[in-house]
Each structure stands twice: as structure tokens, then as C-alpha cells.
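Q: First the structure, which I've put down as C-alpha cells, then a few questions once you've had a look.
The values are calculated or read from the model by the stated rules, or taken from the named source; none is laboratory data. None of the values given here were measured: they were computed from a predicted structure. Counting neighbours? That spans all protein chains shown, and the Cβs are built from the backbone with ideal geometry, glycine included.
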Amino acid sequence: MTATGPTHEPTTAGTGLATSSPDTGPGATPLLEVRGLVVEYGRGHEASRAVDDVSFSIPRGGSLAVVGESGSGKSTIARALVRLVRPTGGSMVFDGHDLTTLSERRLRPLRHRIQMVFQDPYGSLDPHQCARDIVAEPIAARGERSRRVRERRAAELLDQVGLPQSALQRKPHEFSGGQRQRIGIARALASEPDLLVLDEATSALDVSVQAQVLDILAELRREKGLTYLFISHNLGVVRVVSDEVLVLRAGRVVEQGPTAGVLQQPREDYTRRLRRSALEPALMSGRKPRDVVRHIAAARAAETAAAQAAEAQGVAS
């Protein structure tokens, strides 16, 4: 991945979702390549530049996290990628197609390949539909005419994200926040995407439910080879989910590189201040849910093993 900002040399990534393979390493063909992205709101003298000359790429099967304080432009990048807002300048090339120049008619066949999971699961779900119908709707949009096939596939997807058969006929208000987010993930998967854009998809959840959702996403990445773009302000989550991280400030790239390197040894003062101020599960006081403790312990063990391996290689050479 490249960016218009300082970078770190490649280092060993963390655990969980950050599980690189040969297909996601250096030289891998990008599934998504963003160059010089600019997004402005308003016109003329009143125009406000929310994203300013941002560049990055994500290889197929890779995972990139975009972090920054509120108002830094993170969510605007996510909305631009799914064309909820139109970029003012730059390019967004997805599997050879420049999304910034396509008409709506030419973009429509690609939409199912880029799906978004929103921060507010309740606000993004139709309150009048049951869970099965919410998930079956994208299947119908892709041309499946058989109701029986649609409902069977929807049930399989809901089971895949850990919801029981008893959930099929229930409506969004009957679920917890974590369960609604699972429905949102199942709905996104119903379109059979290649790229999932997750805009603060775990920020509204308590830390124990966060861990469960992250486990589901990790398993889906292993099984389906999905590519992820995470938008988050929680560096504890970022440490677990991403191969690389991009730090934004006021719409511009401040720093980018392998997650472990950026979070452990940030080069920019803004990144250091962001790390100090971020609400990380590892820094929470008091008792922590066991799932979160397990994730923290796994991440620390992986970092220690990587450091020991690097030291051993240095001694051997």
C-alpha cells in the first residue's frame, strides 16, 4: 500500500483479522487503489474540503484501517467508496474500474461487490422487515426469483454470523445492538462482495460484543478471502483487525504503514497523541470481559514472538 504521507517499513502484523497471506504481501495486485482522492462539501467560497489528496491501496484479501479523530474525513472516504457522495477529484480504481467516472448505470453491476456495514445497525435496517427478509432482499436484487432459495440462503447467512433459527422472523427492535450488527453483516454478505467497508461497525457495541463481532469477521476473511476497509477511532480494535493502518488528520494522510509498526513506534507526533488519547481495551481499568482479555493476550504474544524472531535473525546474521 502507498500513501501521501510517511510510511513504515513492513513488519509482522498482529493477530485476529490481521492475517496476511502471500496474496496480500508486497507486490500483490491491489483490489482497490485510491489516488489523490478529494471530497468537498458545498460549492464555491463555501466549499469545505473533507478529504484532501488521500492515496492508498488494498491488495485482494487484505485489511486496511483508517483512523483519526472525529471530523478527520474517515467516514467521508467510506461513503465515497460506495458512491454515497461523489468525489471532487482523484480516482478510486476497483478491480480495474474507476468508480469516480462511472455513470450510475455502469456502476450498478459493481455495487454488489462493494458493501458497507454502518455504525448504527438499527438505523440501517428496515424496522418493518424481519431478519430473514432483510438479508434476502439483496439476494432478490441480484436476480434470484425463487423465494424458497432466497429464504434458505438468508437463513444460512444468519447462521453463519451466529444467529439462531429463532431469529429469522424477528424484527430489528427485538434484537440487541450486537445482534443487529450481525444482521447488517449478513445482509452485506448476501450480495457476495469482494470488499467490505466497515464504518465504525463496532463502536456502538460494548467490548465483549465487539470481540464476538471481530471473531466473526476474522472467520469470514479466512473462509471467503474478503478484503476489508475498517473505519475506526478505537486503536485497540485496529490492532486486531488490520494489516496496515492509515492515519488521517483534517482530511490528509499523516502516517501510514504496517499496523504493528505504526501503533508501537509512531513517527508523527499526531499519531502519538492519538494513541495516548484513544480508548484501547488494553488500557481500560477494572475487570475486562474474557474475550477482550484473550484478544489482548494474543496480540501481545504475537508481538513478542515477532520481536524474538527478529532478534534471532539478527544474531544469526
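Q: Evaluate the following for Val85: is it of a type outside the set (Lys, Arg), at pLDDT 90 or above and farther than 28 Å from Glu137 by Cβ? Quick ask: steps written out before the conclusion?
A: Working: of a type outside the set (Lys, Arg): yes; at pLDDT 90 or above: yes; farther than 28 Å from Glu137 by Cβ: no.
Here the answer is no, as Val85 does not meet what is asked.
Q: Out of (1) assigned to a helix (DSSP H, G or I); (2) of a type outside the set (Lys, Arg); (3) modelled with pLDDT of 90 or more, what's the single condition that is false for Ala301?
A: Evaluating Ala301 over (1) assigned to a helix (DSSP H, G or I); (2) of a type outside the set (Lys, Arg); (3) modelled with pLDDT of 90 or more leaves (3) as the failure.
Q: Now for a different question. Residue check, Val117 against (1) surrounded by 23 or more Cβ atoms within 10 Å (Cβ to Cβ); (2) over 25 Å from Met92 (Cα atoms); (3) of a type in the set (Val, Ile, Thr), all met but one. Which one?
A: Of (1) surrounded by 23 or more Cβ atoms within 10 Å (Cβ to Cβ); (2) over 25 Å from Met92 (Cα atoms); (3) of a type in the set (Val, Ile, Thr), only one is false for Val117: (2).
Q: Check Ala136 against each of (1) crowded, with 16+ Cβ neighbours inside 10 Å; (2) under 21 Å from Leu198 (Cβ atoms); (3) hydrophobic (A, V, I, L, M, F, W, C) and name the one condition it does not meet.
A: Just one mismatch for Ala136, condition (2).
Q: Let me ask something else about it. Looking only at residues in region 161-205 that are touching a residue at least 60 places away in the same chain (Cβ under 8 Å) and assigned to a loop (DSSP other than H, G, I, E, B), which one is surrounded by the fewest Cβ atoms within 10 Å (Cβ to Cβ)?
A: Glu192
Q: Given (1) in contact with a helix residue (DSSP H, G or I) (Cβ under 8 Å, 6 or more places away or on another chain); (2) of a type outside the set (Phe, Trp, Tyr); (3) surrounded by 21 or more Cβ atoms within 10 Å (Cβ to Cβ); (4) under 25 Å from Tyr228 (Cβ atoms), identify the lone condition not met by Thr76.
A: That leaves (1) as the condition not met.
Q: If you don't mind, there's one more thing I want to ask. Looking at region 126-149 only, could you name the residues that are within 27 Å of Arg83 (Cα to Cα) and assigned to a helix (DSSP H, G or I)?
A: Ala131, Arg132, Asp133, Ile134, Val135, Ala136, Glu137, Pro138, Ile139, Ala140, Ala141
Q: Looking only at region 207-244, which residues are part of a loop (DSSP other than H, G, I, E, B) and either without any contact (Cβ under 8 Å) to a residue 60 or more places away in the chain or within 17 Å of Pro258 (Cβ to Cβ) (or both)? Full working, then the answer.
A: At the first step, the residues of region 207-244 found to be part of a loop (DSSP other than H, G, I, E, B) are 225-226, 233-234, 242-243.
Scanning region 207-244 gives Asn234, Ser242, Asp243.
Q: Sticking with this one: Could you count how many residues in region 38-71 are buried (at least 20 other Cβ atoms within 10 Å of the Cβ) and in contact with a Leu (Cβ under 9 Å, 6 or more places away or on another chain)?
A: Pass one, region 38-71, residues buried (at least 20 other Cβ atoms within 10 Å of the Cβ): 39, 50-52, 54, 56, 58-59, 61-68.
Filter once more, keeping what is in contact with a Leu (Cβ under 9 Å, 6 or more places away or on another chain): 51-52, 54, 56, 58-59, 61-68.
Looking only at that region, the number is 14.
Q: Sticking with this structure for a sec: Out of all the residues in region 122-136, which are modelled with pLDDT of 95 or more and charged (D, E, K, R)?
A: Answer for region 122-136, where residues must be modelled with pLDDT of 95 or more and charged (D, E, K, R): Arg132, Asp133.
Q: How many of the residues in region 93-125 are under 29 Å from Leu205 (Cβ atoms) and not in a loop (DSSP other than H, G, I, E, B)?
A: Total meeting the criteria: 6.
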